[in-house]
Amino acid sequence: MEAAAARKCSANGGKKEKDLFHVIHKVPAGDGPYVKAKHAQLVQKDPEAAIVWFWKAINAGDKVDSALKDMAVVMKQIDRTEEAIEAVKSFRGRCSKQAQESLDNVLIDLYKKCGKVEEQIELIKRKLRSIYQGEAFNGKPTKTARSHGKKFQVSVKQETSRLLGNLGWAYMQKSNFIAAEVVYQKAQMIDPDANKACNLALCLIKQARYDEARSVLLDVSQGRLPGSGDVKSRSRAEELLTEVKSRETPDELTDILGFNLDEDDDFVKGLEKLMSEWAPSRSKRLPIFEEISSFRDQLTC
């Protein structure tokens, strides 16, 4: 009996050690191809081997949602971004409906990494359309997201502001600072933060609108916005304020002929309707969209 008890104790001890191993390394239990892929990725630190096992998991139908997303992330880390884009686009049809939203986010990051700005803009606008059409989050007001192994709740407002921030950044990469400014203004009306404020200020600086840029940056440096306490945001705001002070004469205004945010009336009308529910307006049309209309009138004259 003592021998049997010892074997049982040893077995239990081995099981506890194995469970502890999975917790420490954040590796799922089991011996399927997906588990082996995560072991190669997180424990062995061998991304190439991990990709091979992720492919096997996808082909075997083993946790396909997670396998495809995780494989794309690993490919991005080792500069196989183009391959990751093709993999997501080709195999997302095997994933569940619930996984499509996060796969879109993966694609946006991949497009950003390899400079595919037009594709990034189109996908972000499509995701924004799904929000104002009530299709995002499967109709729920919040969703559970995960970052660095931690779960947290994201509201539709927060997601909209995040996507608008990404859209503004994409327009900035095209040097379309007027379009970027309009988008950042909308994002700040919904869910303001210091990082987007700095980007908005940069757009204003590029248009030689220094007084407006200074006002936005002071909101960051004086701690009036969420995230103002972040060292990077505060430091960036101070650098941009210094740049504003150093410019004594207006620079040549950025050519506005590239401004095409309002080319899709349905897109803009949908966003306007969504924002009218979230942000108070002083007139029937939000000032943001009146600004868009004024630019359109200027261009047609």
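Looking at the stretch 204-215 only, could you name the residues that are closer than 18 Å to G168 by Cα, part of a helix (DSSP H, G or I) and open to solvent by 30 Å² or more (accessible area, probe 1.4 Å)?
The answer is K206, E212.
Residues that are crowded, with 18+ Cβ neighbours inside 10 Å, outside any helix (DSSP H, G or I) and either touching a helix residue (DSSP H, G or I) at 6+ places or on another chain (Cβ under 8 Å) or among the charged types (D, E, K, R) (or both): does the stretch 122-136 have at least one?
no
Which residue is most open to solvent (accessible area, probe 1.4 Å), if the candidates are limited to the stretch 148-168 and must be at negative phi and of a type in the set (G, A, S)?
By that ranking, first place goes to S155.
Would you tally the residues in the stretch 171-189 being under 16 Å from the mean Cα position of the chain (by Cα) and β-branched (V, I, T)?
Count: 1.
Working carefully through the options A72, A67, A145, find the one that is open to solvent by less than 50 Å² (accessible area, probe 1.4 Å), among the small types (G, A, S) and closer than 30 Å to S175 by Cβ.
A72
Let me confirm something: among R126, R146, R162, which residue is under 15 Å from the mean Cα position of the chain (by Cα) and modelled with pLDDT under 85?
R146
Which residues, counting only those in the stretch 145-182, are polar (S, T, N, Q), farther than 21 Å from R126 by Cα and in a strand (DSSP E or B)?
S147, Q153
Restricting to the stretch 218-230, what's the tally of residues that are under 20 Å from R162 (Cα atoms), out of contact with any Pro (no Cβ under 7 Å at 6 or more places or on another chain) and either in a helix (DSSP H, G or I) or aliphatic (A, V, I, L, M) (or both)?
Selection size over the stretch 218-230: 2.
Residues to consider are Q173, Q100, Q185; find the one that is on the phi < 0 side of the Ramachandran plot and crowded, with 18+ Cβ neighbours inside 10 Å.
Just one listed residue meets the conditions, Q185.
The values are calculated or read from the model by the stated rules, or taken from the named source; none is laboratory data. Treat the numbers as computed from the prediction; the structure is a model and nothing was measured. For neighbour counting, all protein chains shown are included, and Cβ atoms are generated from backbone atoms with ideal geometry for every residue, glycine included. Side chains are part of the model used for accessible areas, which takes the heavy atoms of the whole protein and leaves out ligands, DNA and RNA. Shrake-Rupley method; radii C 1.70, N 1.55, O 1.52, S 1.80 Å.
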